[in-house]
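Asks: Before I ask anything, let me first share the structure, which is written out below as structure tokens.
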Ligand code: GLN
């Protein structure tokens, strides 16, 4: 019997810039190579919510994209909050990271409330924070990616950043050297890239957590992983680690 993992891709029509859809592809591919059967549910405004959810992946978007989804997002707020509190692994990039926080005041002065999963608030500024970025994370080692945002995010006291950036990099706000946030199994980050192909440790954290929660353990052998799949995963991991040395 194949072991299914259900993944929600959150608002892929409006929240998917700078290659964020690559995160969904990476999860799909790696799950399959671990022997699982990935089932991806694209969720856009007005869609039905899938019956079973093991993992949620959300991307970034322009301020206009964030405004487009906000009403529907609030219809799903209670559900998302309870899934997050219950330990569902989630990855929210940039625009959705901001909306998982408390609010985002855009550079034109309008205010979008967030759903408050992450104790953080964001204020838009004229100068965008753009560039390649390396951050140092206790949980995942060095994380590499690309940021492009106007919003400066400030974490509330006690909220764990995903990592820290060097003095010459920006990250959450360009001031306190933090980048992203981690609350329970929810990861919020400004890292586009796509993030997951370059940072398999984060992909594997999401996969492992999803499998443990659904099947009691992360066990590729029990999921039916073949020798050829294991070898292919090794090959991909080598490519990723070589790319990280550049
Ligand atoms: N619109 C938001 C900002 O500029 C998010 C941008 C993004 O997702 N890259 O801060």
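No value in this document is a laboratory result; all are computed from the given coordinates. What you see is a predicted model; the values in this text were computed from it and never measured. Heads up, the Cβs are rebuilt from the backbone with ideal geometry, glycines too, and the neighbour counts pull from every protein chain shown.
Asks: For the range 175-246, state what percent of all Cα-Cα pairs lands in each successive 5 Å bin, counting from 0 Å until the bin that includes the largest distance.
Replies: With a bin width of 5 Å, the distribution comes to 3, 12, 17, 22, 19, 15, 8, 2, 1, 0.
Asks: What is the antiparallel percent of DSSP beta bridges lying wholly in the chain, to the nearest 5?
Replies: 55 percent
Asks: Next question. Compute the semi-axes of the equivalent ellipsoid of the range 1-142, taking the square root of 5 times each eigenvalue of the Cα gyration tensor, and list them largest first in whole Å.
Replies: That gives 26, 19, 14 Å for the three semi-axes.
Asks: Quick one: compute the contact order of the range 131-197, relative version, from alpha carbon pairs under 8 angstrom and 6+ residues apart, as a percent.
Replies: It rounds to 31 percent for the range 131-197.
Asks: Starting from the Cα of residue 75, step 7 Å along the direction of its Cβ; do the same at residue 236; then give the gap between the two resulting points in nm.
Replies: 3.4 nm
Asks: A follow-up question, please. GNM, the chain, Cα, under 10 Å: largest mean-square fluctuation among 174, 124, 216?
Replies: Most flexible of the set in this elastic network: 216.
Asks: Give, to the nearest whole percent, the P(r) tail of the chain beyond 24 angstrom, counting all Cα pairs.
Replies: Roughly 43 percent, once rounded to a whole number.
Asks: Which percent, to the nearest 5, of DSSP beta bridges fully inside the range 83-160 are antiparallel?
Replies: Among the beta bridges of the range 83-160, antiparallel pairing accounts for roughly 85 percent.
Asks: What distance in nm separates the two pseudo spin-label positions at residue 2 and residue 126, each 7 Å out from Cα along the beta-carbon direction?
Replies: 5.5 nm
Asks: Take the chain, connect every pair of alpha-carbon atoms lying under 10 Å apart with a spring to form a Gaussian network, then pick out the residue of 13, 75, 198 with the largest mean-square fluctuation.
Replies: It is 75.
Asks: Extension gain residue 42-residue 215, at 0.36 nm per residue separation less the Cα-Cα distance, in nm?
Replies: So the chain would gain 60.0 nm between residue 42 and residue 215.
Asks: Taking Cα atoms, how many degrees apart are the long axis of helix 63-75 and the longest axis of the chain, rounded to 10 and kept between 0 and 90?
Replies: It works out to around 70 degrees.
Asks: What is the range 47-196's relative contact order, in percent, from Cα pairs under 8 angstrom and six or more apart in sequence?
Replies: 22 percent
Asks: Next question. Based only on other Cβ atoms within 10 Å, what is the fewest-to-most ordering of 153, 238, 170?
Replies: If I rank by nearby Cβ atoms, fewest first, I get 238, 170, 153.
Asks: Taking 0.36 nm per residue of sequence separation and subtracting the Cα-Cα distance, how much length would be gained by fully extending the chain between residue 208 and residue 139, in nm to one decimal?
Replies: 23.4 nm
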